[in-house]
Every structure is written in structure tokens, then in C-alpha cells.
Amino acid sequence: MGSENKKLLIYSLYVLVAVVLIGFLGYYFGFLGAIYNVMMPERLGAFPLIILSIIFGLAAFFSPCAFTVLPGYVAHFLTGGRVRKLTKAQTFRQSAYLGLVGATGIVVVNMIVGVTIAALGAATPFAKDPRQDIAIILGVRIVAGILIASLGVFTLLGKSINISWIYRLMAEKGFTKSIFFYGLLYNGAAIGCTGPIMLGLLLYAFASASFAGAITAFLIFSLTMGLLMFLLTVLAGLFKNALTPYLIAAAPIIKKVAAVVMIVIGLAIALLTLEGNQIFVKIFFPFLK
């Protein structure tokens, strides 16, 4: 293995550790912190609605149903699209644009969930315990996991752009679309966790504020999740540009590694939803009996 490949491998391990650490800290302090310290009926009134919306958005983004997708997203971002050296200003503009695209994917899913909650109220299908999720919620998570794994498979095989619409999303001219697609999948995989969080926020907002106040809370919640995706994408873009010489030199290797990461993550999401829901809950939902 050449020195450039070794450096790229080392840097890639740093990235993986950093992403996992960010995800875990977000889960521990964001999701669990909100569950234990904020999302209790007797505590909700202690926070202004705007602050609650931000906290709930943070908790939703780093919920255990979602943050496991982060390594796959970063791997896709680092290896997708055209790899070329850019100036810092160009890198920021490009990453900011893609960050907005990914954030839009997250907000679109939130809009769908928000409309569902508004239409059905407390009768929505979102359960506080993931083990009680109905079939349609489980199905969305399974499909999201399979699609993430599919992105990895097509990347690994390097098939022609004309093989399928999924691979077209991964192609050079479709990289922007793939980022939007990943934003959808990120929130789609998290719907079992984000749905109950959003339900709790909106029911509380409608009970304690005006209709306009509830809509504002929903927007702030969604924008918080979108902002976190935006910041993550910008950071990944800056790092990608710094590694461009190594990425160019070792593109085949790093693409295969990234593809395997996406396949493993996608299958894990699908399998944990199908057969490992009990295990998943025991690991990431210690507050549930």
C-alpha cells in the first residue's frame, strides 16, 4: 500500500470515529437528554415553545433511529460527485448548496409527518415505543434501509448509469439529487423516532399556544433538523476538499469502502426493524421497560 493510500486510510478512520462520536454524543445528550430532562409533562411548561422546538429538533436528528445513518451519508458524500480541488470559497459554496439540498429532503419528510399529525391528531400511528410501531411505520424504515444498501451495491458494482434510477441518482450529474434522496432516507429511517417526538411537540403546542404558534414550533423543529444536516454537509465538504489529492489517487479503494459502509448500515436498519427491534430498543431506549 502506497503512502498516499495509507494516509487516506488513516484520515478515513479519523472521519469514521468522528462521525460515530458526533452521533453518539448527539444521541446521549440530545436524544436521551431531552427524554430525561425535557419531554415530561411536568417539565414542558418550564421551557418557552421556541426552545422546546429546538430541543425536540435536536433530539429527533440524533434519535437512535436516525444517527446510525450518519456514517453512510458521510461516506456517500465523500466519494460521490466529481473529485477535484477547489478553493475554500468554492468548497463552502458547493457544500452549503448540497447541505441545503439534504436539509430540504429532511424537511419534506417532516412536512408529510406534520400533515399526518394535523389531520389525525392524537390518533396518529406513531407509537412512543418502537416495538409497538404499526406495519406502515416499520415498512418505511425497512424500505429506507434497503434503498441505502442499494446505493452501496450499485456503487460497489460500478454499473452503468442506465442500469436503474437508483444508480442514476449516484451518477455524476445526479449527485445533487442523491443528496436530496439521502435527506429523505435519513428522516425516513428515523420516522419511528421522529414521529412521536413531533407528535408530542405539536400536541403540546396546539394545547398551549395559538394555531400560528403551533405552526411556528413545527417550522423551528424542522429547520433545526435541517440546519444540523446543513452543518454536517459543510464540514464533510471542507474535509473532502482537503483530502482531494488522496481521493483522486485512491478513488477505487475508497469508493468500495464507502459502498460497503452503506450496505452494512442499510441492511442493519432493515434487519433491526424486522427481527431485532427488541434488541434495538434495549440498546438505545433504556427508559423503556
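The values are calculated or read from the model by the stated rules, or taken from the named source; none is laboratory data. The structure presented is a predicted model; accordingly, all values stated were derived computationally and were not measured. Don't worry about glycine lacking a Cβ; one is built from the backbone with ideal geometry, like all the others, and counts go over all protein chains shown.
Table for the structure above
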| quantity | calculated |
| --- | --- |
| Region 147-181, residues that are modelled with pLDDT of 75 or more and farther than 28 Å from residue 96 by Cα | 157 |
| Answer residue from region 203-218, given it is surrounded by 14 or more Cβ atoms within 10 Å (Cβ to Cβ) and aromatic (Phe, Trp, Tyr) and is modelled with the highest pLDDT among those | 218 |
| Residue 80 in contact with a helix residue (DSSP H, G or I) (Cβ under 6 Å, 6 or more places away or on another chain) and at pLDDT 75 or above | no |
| Test set (1) modelled with pLDDT of 75 or more; (2) in a helix (DSSP H, G or I) - residue 287 fails condition number | (2) |
| Candidate set: region 23-65, residues that are β-branched (Val, Ile, Thr), over 18 Å from residue 288 (Cβ atoms) and in contact with a helix residue (DSSP H, G or I) (Cβ under 7 Å, 6 or more places away or on another chain); chosen: the one surrounded by the most Cβ atoms within 10 Å (Cβ to Cβ) | 55 |
| Count of region 32-44 residues which are within 21 Å of residue 219 (Cβ to Cβ) and modelled with pLDDT under 85 | 2 |
| Selected residue (only one of 119, 127 is more than 30 Å from residue 234 (Cβ to Cβ) and either touching a helix residue (DSSP H, G or I) at 6+ places or on another chain (Cβ under 7 Å) or among the basic types (Lys, Arg) (or both)) | 127 |
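Matching residues to (1) surrounded by 15 or more Cβ atoms within 10 Å (Cβ to Cβ); (2) among the small types (Gly, Ala, Ser):
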| site | (1), (2) |
| --- | --- |
| 89 | no, yes |
| 99 | yes, yes |
| 102 | yes, yes |
| 107 | yes, no |
| 116 | yes, no |
| 119 | no, yes |
| 126 | yes, no |
| 133 | yes, no |
